Amino acid sequence: MTSTTKVPFLDLVTPHQELEAELLAVAKKAFSNAGFIGGPMVEDFEREFAAFCDIKYCVGVNSGTDALRFAFMAAGIGQGDIIVTVPHTFIATTEAISQAGAQIAFVDINESTYTMDPEKLREYLEKQCDFDGKSKKLTERKSGNRVAAIVPVHLYGQTADMDPIMELAAKYNLVVIEDACQSHGAEYFSKKENKWKKAGTMGLAAAFSFYPGKNLGACGEAGATTTNDEALAKRMKMIRDHGQAKKYYHDIEGYNGRLDSIQAGWLSVKLRHLAKWNEARRTHAHRYHELFAEAKDSVVIPVEAAWTKGVYHLYVVRVADREALQAHLAEAGIATGIHYPIPLHLQKAYEHLNYKKGDFPVTERVAAEIVSLPMFPQLRQDQLTLVANGVKEFVASKIGATR
Ligand SMILES: Cc1ncc(COP(=O)(O)O)c(C=O)c1O
């Protein structure tokens, strides 16, 4: 934040100042018994976060990336398997796939929700793969590899459309691991089950990130996997702790991927505020929606589909000439971001996958136009208005210039 910043993109200082006494008490407690790894603070947070998500098990790990990677491993997915996801996500989603030894396959997103398009998933599974009904194995024609899993990403705080994704997964015997790293507390209305379900409870397992800027953020790196599957939770616990369930008895090779006790304690403190913070984000988003109503032809606002209750990790709009908009807002002291400017299939890191421009046109179009506006629970009304006015001024000047 510079001295001329009127609206930061994210204010991480205020909530930590507000909770300082409680957060310091956690550190003091840890210093008093030097219990820095594992122990009651980790177990308490795991129990509390599982309750928040309405799920049986939560296994704390050191990042959202490892929460995903370990979940693939615990589900028995790895070498030679294909995991299907979207190219419009943070690279951690696909890093976890590769680092679990699996291969990445992309399907495009829906243009209004920015999450996995179930029809594109269906097209990929039906047109590019063969299903052997006897062995219940789905094979990608091009590579000859087994398609093992789907990773829908609940991006920007909104869930993917899970009913059709789960239906396809069941039809083709695929595991679903949700990437819920941006969606703590988001909900999905399952028509099939006629009830609202929390993000992170619909697949076999789900990954959450507690990176500081997330809706629930640690004061450092942290993450968790949630699941209703007891055996998977047990394997996750072994994988995060050098493959041991009992000290120095290593059934498998694992990782040093544990959640620190102090981070867990801090997360427990913050978890008590999460519902309130999520509600504040929703209120801010709805205010932005109202303020942009008069500019609806030039500013595409986030669409909250009837089946989702979003928690607005980000408030992402689409405009023409977004770099010029960012410069205009920066001039007015308003910080913005782009999540994400280059689709994953066009990143240098994935040249070897041989995707090309035009393969995922919706993702490419969206990635070229999106801008993330300031969004955090402590955002003030005057700041919201300033941001909206700045955007509206910009789009109005563009219309004026083309007349
Ligand atoms: C969609 C998504 N997946 C995975 C991750 C990885 O989480 P972490 O940074 O905690 O490893 C993130 C974090 O930014 C994310 O946004």
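The values are calculated or read from the model by the stated rules, or taken from the named source; none is laboratory data. Model, not experiment: these values are computed from the prediction. Counting neighbours? That spans all protein chains shown, and the Cβs are built from the backbone with ideal geometry, glycine included. These area figures cover heavy atoms from the full protein model, side chains too; ligands, DNA and RNA do not enter into them. Shrake-Rupley method; radii C 1.70, N 1.55, O 1.52, S 1.80 Å.
General observations
- Virtual paramagnetic centre 7 Å along Cα→Cβ of LYS348, amide N under 17 Å, in segment 88-132: 91
- Trypsin sites (Lys or Arg not before Pro) restricted to segment 276-344 and DSSP loop, no more than 10 other C-beta within 10 Å: LYS296
- Separation of the alpha carbons by more than 25 angstrom is noted, of LYS136/LYS198; LYS120/LYS392; LYS198/LYS234; LYS56/LYS237; LYS120/LYS214, for LYS136/LYS198; LYS120/LYS392; LYS120/LYS214.
- Database remark: amide H of ASN215 closer than 5 angstrom to the amide H of HIS184 (H placed geometrically; neighbours at sequence offset of 5 or more, or on other chains; Pro and chain starts carry no H).
- Close amide H pairs (under 5 Å, H built 1.01 Å from N) link ILE82 with GLN103, ARG146, VAL147, ALA148, ALA149, residues at least 5 positions away or on another chain.
- Helix-only [θ]222 nm of the chain, DSSP H runs n ≥ 4, -39500 (n - 2.57) each, per residue, nearest 500: -12500 deg cm²/dmol
- With K and R counted +1 and D and E -1, the other residues having a Cβ less than 10 Å from that of GLU167 yield a net charge of +2.
- The GluC sites (Glu not before Pro) of segment 211-288 that DSSP puts in a loop, and whose beta carbon has at most 12 other beta carbons within 10 Å, are GLU253.
- LYS137 long-range amide H proximity, modeled H, under 5 Å: ASP132
- Taking a ≥ b ≥ c as the square roots of the eigenvalues of the alpha-carbon gyration tensor, the chain is classed oblate because a/c is 1.5 or more while a/b is no larger than b/c.
- Derived scalar couplings ³J(HN,Hα) [segment 150-158; Karplus, 6.51 cos²θ - 1.76 cosθ + 1.60; whole Hz; x for Gly, Pro]: 10, 10, x, 9, 7, 7, 6, x, 10
- Spin-label pair GLN99-THR283: with each label point 7 Å from Cα along the Cα-Cβ axis, the two points sit 3.8 nm from one another.
- Per-residue 3J(HN,Hα) values for segment 375-385, derived from phi via the Karplus relation 6.51 cos²θ - 1.76 cosθ + 1.60 with θ = phi - 60°, read 7, 6, x, 8, 4, 8, 4, 5, 5, 4, 5 Hz in sequence order (x marks Gly and Pro).
- Percent accessible area from carbon and sulfur atoms, segment 189-243, protein chains only, probe 1.4 Å: 48
- Measuring r between the beta carbons of ASP229 and ARG141 and using R0 = 25 Å, the FRET efficiency lands at 0.20.
- For chymotrypsin sites (Phe, Trp or Tyr not before Pro), the sites in segment 1-91 that DSSP calls loop and that have at most 15 other Cβ atoms within 10 Å are PHE36.
- At full extension, ASP130 and GLU22 could sit 33.3 nm farther apart than now, given 0.36 nm per residue minus the alpha carbon distance.
- Computed from label points 7 Å out along Cα-Cβ, the spacing between HIS242 and SER112 is 5.3 nm.
- The modelled label-to-label distance for the pair SER32/ASP382, using points 7 Å beyond Cα in the direction of Cβ, is 4.2 nm.
- Computed from backbone phi, the HN-Hα couplings of segment 362-371 come to 5, 4, 5, 5, 4, 4, 7, 10, 7, 9 Hz, rounded to whole numbers (Karplus: 6.51 cos²θ - 1.76 cosθ + 1.60, θ = phi - 60°; Gly and Pro given as x).
- When the surface is traced with a 1.4 Å probe over the full set of protein chains, TYR172 keeps roughly 20 Å² accessible.
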